[in-house]
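Read the figures in this text as sums done on the coordinates, not as results from a lab. Treat the numbers as computed from the prediction; the structure is a model and nothing was measured. Note that each Cβ is placed from the backbone with ideal geometry, even for glycine, and that neighbours are counted across all protein chains shown.
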Amino acid sequence: MDTSGESLVSIVGHLVVIAMFVNVGIRMLPLARPMPWPAVVFVVVIGVPSLLQPVFPAITDALARDPHATIADGQWWRILTALVAQDGGEVAAVFNLLVVAVALTFGTWIWGPWIAIALYLAPSIVLNLLAVAWSRPGGGSSFANDGLMFSVFALALLIGARDAARPSPRSTVLVRVYAGVSVVVAIVLVASWDAHGVAMLLGLVLGGGTALAAGRISAAWTAAG
């Protein structure tokens with residue numbers, strides 16, 4: 001599977017997903033919105049090495065996903081560090097950092113900080129493991145971004161806008177439509193043999209499972225009643 005995210009289908013698909021995510025996120029914000037510190041932490045942790053890579057290319061060599069080094073030399077830590085090794089150039093690195101900030105800000109407000117972090121890291125780890133199996137070098141934060149955004153879409157599909165400050169039937173319909181459009185994008189990416197579609201669908205499953213496990217659905221129904 002392609003892990004680069006450089007195809008036209010992938011680029012357009014991601015732009016659509018980000019637009020849908022912002023619209024969904026706005027309609028699912030809780031009344032209490034504390035400082036989204038995970039967004040700040042990850043922007044710094046990912047941003048510093050990403051922006052230094054053009055000046056110090058050895059950073060990429062040390063942190064990026066390298067299937068041969070991972071399997072032959074036992075460098076399994078690259079499964080984690082690939083998150084901070086952007087492989088699409090400076091413009092892509094800056095764009096991805098903006099998405100990191102948006103995804104983790106809304107994700108933290110909607111899920112809470114620790115669940116948001118877990119839903120951010122899990123898709124990245126799983127997809128980087130798969131990428132090693134597919135012999136695909138590289139790195140970046142897009143798998144993590146996609147997974148967290150789709151976890152929010154899962155919650156939107158399950159409970160609509162009932163966690164919003166001013167929920168309404170129209171808002172519930174809208175968030176489900178936006179989430180549904182994004183799921184279609186994910187399916188198109190998978191059909192195009194793009195690994196980002198897999199990250200998106202994984203995030204959808206993880207988000208749905210987390211909502212059920214955390215009792216978010218029953219709580220939303222109770223509040224709506």
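Observations on the structure shown:
- Selected from 134, 13, 3, residue furthest toward positive end of dipole (the chain; charges at beta carbon): 13
- Rough spin-label spacing in nm, given labels placed 7 Å along Cα→Cβ, for residue 135 and residue 72: 1.2 nm
- Applied to segment 197-203, the Karplus parametrisation 6.51 cos²θ - 1.76 cosθ + 1.60 on θ = phi - 60° returns per-residue 3J(HN,Hα) values of x, 5, 4, 5, 5, 5, x Hz, with x for Gly and Pro.
- Label zone (residue 31, point 7 Å along Cα-to-C-beta; backbone nitrogen cut-off 17 Å) within segment 96-112: 110.
- Ranked list, fewest to most other Cβ atoms within 10 Å of each Cβ, for 1, 28, 200: 1, 28, 200
- Given their separation in residues at 0.36 nm each and the Cα-Cα distance between them, residue 51 and residue 22 gain 7.9 nm when the chain is fully extended.
- Full-stretch length increase - residue 118, residue 40 - with 0.36 nm per residue and alpha-carbon distance subtracted: 26.5 nm
- Take the chain and mark each of the chymotrypsin sites (Phe, Trp or Tyr not before Pro) that is in a DSSP loop with at most 15 other Cβ atoms within 10 Å; the longest unmarked stretch, sites excluded, is 1-75.
- Point-charge dipole on Cβ atoms (K/R +1, D/E -1) for the chain, about Cα centre, debye to 20: 1000 debye
- With the simple model of a label 7 Å out from the Cα in the direction of the Cβ, residue 94 to residue 7 spans 2.8 nm.
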